[in-house]
Amino acid sequence: MSGDHMESSRGGGLKRNINGYNTSSSASTYLIEDTETQWTSWLVPMFVVANISLFILVMYLNDCPDQKHTRLVGNCVASFLGRFSFEPLKENPLFGPSSSTLKKLGALQWTDVVVKHQGWRLITCIWLHAGVIHLLVNMLSLVFIGVRLEQQFGFVRIGILYLMSGFGGSVVSALFIRNNISVGASGALFGLLGAMLSELFTNWTIYTNKAMALLTLLVIVTINLAIGILPHVDNFAHIGGFLTGFLLGFVLLPRPQFGWLERRNLPASTRPKSKYKPYQYVLWLVSVALLVSGFSVALVMLFRGENGNDHCRWCHYLSCVPTSSWDCN
């Protein structure tokens with residue numbers, strides 16, 4: 001089963017599977033300070049609280065001790081926690097609930113989404129986590145990345161980025177993975193990473209240390225995506241979330257020109273600059289077109305029951321590369 005994804009400063013993100021893990025790092029290395037309003041971050045902390053609260057509820061409903069009659073091997077881990085104790089490590093090595101509990105509560109699975117028409121799982125799976133380890137890594141990543149982004153751009157834009165990226169990651173995952181269930185916020189976290197990269201491009205002229213900023217972010221993204229080729233890690237959700245966030249960054253995160261911000265201090269006879277540069281408008285239009293067309297095509301393919309692997313014979317290597325040490329099946 002799958003679980004699941006930086007003044008001068010921005011951070012990094014994560015997605016994972018229950019039988020393997022994908023970590024992500026975050027480093028405050030390159031955001032610039034400007035004259036725009038600094039927001040108070042409250043939405044990201046609310047997301048963290050919601051994810052933790054939901055995990056506690058999932059563990060309560062899982063009630064490991066009550067499932068002894070259906071368990072083939074192993075005993076509950078940390079049995080002193082009572083009904084909050086974890087499934088045996090052979091069932092879930094991340095210290096969490098059973099796969100059947102996750103599926104009942106909204107985990108992503110192709111059969112349920114397409115055959116049983118439960119499209120809501122494309123959203124609910126973002127809020128579920130496979131275990132304590134999965135939850136902690138994702139929430140730490142969310143705090144390091146999301147708080148700074150929300151302070152810079154406000155809760156509306158970051159909230160849209162988070163939810164749309166998570167949804168995009170779920171759609172791509174469902175297109176390519178049919179035999180496993182998937183949970184986790186990593187697609188949304190990779191979306192924040194993608195938005196940071198496009199924000200760097202669209203606001204390129206206002207950064208002072210451009211090369212270092214770009215190199216730092218590319219290294220973080222590359223490491224996270226590389227971890228995704230391990231078995232049982234849903235790298236398709238990472239890639240879908242990253243691409244969605246990257247395009248949304250051009251739409252939601254362009255910064256106005258300094259001359260436009262200072263227009264009130266200019267003499268009345270001075271003609272103020274336009275709010276954005278021409279290339280920012282071009283990137284905005286291209287990104288909107290790609291987002292609309294991409295989601296439309298992907299959703300039509302998904303609900304028609306098409307398998308993404310039939311249209312891309314090598315794409316399965318993006319999520320797992322078989323070696324002598326492991327079997328991707």
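What the table below lists for this structure:
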{"item": "Filter pass, Val156 being over 23 Å from Ile52 (Cβ atoms), open to solvent by less than 10 Å² (accessible area, probe 1.4 Å), modelled with pLDDT of 95 or more and of a type outside the set (Gly, Ala, Ser)", "result": "no"}
{"item": "So Phe95, is it among the aromatic types (Phe, Trp, Tyr), modelled with pLDDT under 95 and not in a loop (DSSP other than H, G, I, E, B)", "result": "no"}
{"item": "Subset of the stretch 84-128 [buried (at least 17 other Cβ atoms within 10 Å of the Cβ) and in contact with an Asp or Glu (Cβ under 8 Å, 6 or more places away or on another chain)]", "result": "Gly96, Pro97, Ser98, Ser99, Lys103, Arg121"}
{"item": "Counted residues, the stretch 296-314 - those being within 23 Å of Met164 (Cα to Cα), open to solvent by 40 Å² or more (accessible area, probe 1.4 Å), assigned to a helix (DSSP H, G or I) and not hydrophobic (A, V, I, L, M, F, W, C)", "result": "1"}
{"item": "Residue ID - surrounded by the most Cβ atoms within 10 Å (Cβ to Cβ), chosen from residues in the stretch 169-181 that are assigned to a helix (DSSP H, G or I) and not aromatic (Phe, Trp, Tyr)", "result": "Gly169"}
{"item": "Residues of the stretch 186-213 that turn out to be at pLDDT below 90, touching a Ser or Thr at 6+ places or on another chain (Cβ under 8 Å) and assigned to a helix (DSSP H, G or I), as a count", "result": "2"}
{"item": "The one condition in (1) modelled with pLDDT under 95; (2) over 25 Å from Ser99 (Cα atoms); (3) open to solvent by 10 Å² or more (accessible area, probe 1.4 Å) that Leu140 fails to fulfil", "result": "(2)"}
{"item": "Residue match in the stretch 66-76 (condition: touching a helix residue (DSSP H, G or I) at 6+ places or on another chain (Cβ under 6 Å) and either open to solvent by 50 Å² or more (accessible area, probe 1.4 Å) or among the small types (Gly, Ala, Ser) (or both))", "result": "no"}
{"item": "Residue under evaluation Val282, criteria (1) assigned to a helix (DSSP H, G or I); (2) open to solvent by less than 40 Å² (accessible area, probe 1.4 Å); (3) at pLDDT 90 or above, criterion not met", "result": "(2)"}
{"item": "Residue within the stretch 214-226 that is in a helix (DSSP H, G or I) and touching a strand residue (DSSP E or B) at 6+ places or on another chain (Cβ under 6 Å) present", "result": "no"}
{"item": "Any hit, the stretch 197-212, residues being within 17 Å of Gly228 (Cα to Cα), touching a helix residue (DSSP H, G or I) at 6+ places or on another chain (Cβ under 6 Å) and open to solvent by less than 10 Å² (accessible area, probe 1.4 Å)", "result": "no"}
{"item": "Checking Tyr276 against (1) within 22 Å of the chain's Cα centre (by Cα); (2) surrounded by 11 or more Cβ atoms within 10 Å (Cβ to Cβ), the condition it does not meet", "result": "(1)"}
{"item": "Looking only at the stretch 315-329, and only at residues there that are open to solvent by 70 Å² or more (accessible area, probe 1.4 Å) and at pLDDT 80 or above, the one that is farthest from Leu225 (Cα to Cα)", "result": "His316"}
{"item": "Cβ pairs under 9 Å, 6+ apart, first in the stretch 101-126 and on the phi < 0 side of the Ramachandran plot and aromatic (Phe, Trp, Tyr), second exposed (fewer than 15 other Cβ atoms within 10 Å of the Cβ) and in a loop (DSSP other than H, G, I, E, B)", "result": "Trp110/Arg178; Trp110/Asn179; Trp110/Gly305; Trp110/Asn307"}
{"item": "Set Gly146, Gly166, Gly159: member being of a type outside the set (Lys, Arg) and either touching a Cys at 6+ places or on another chain (Cβ under 9 Å) or part of a loop (DSSP other than H, G, I, E, B) (or both)", "result": "Gly166"}
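The values are calculated or read from the model by the stated rules, or taken from the named source; none is laboratory data. As the structure is a prediction and not an experimental result, all values here were calculated from the model. Note that we place each Cβ from the backbone using ideal geometry, even for glycine, and neighbour counts take in every protein chain shown. Remember, those area values only see protein heavy atoms, side chains included, never the ligands or the DNA or RNA. Shrake-Rupley method; radii C 1.70, N 1.55, O 1.52, S 1.80 Å.
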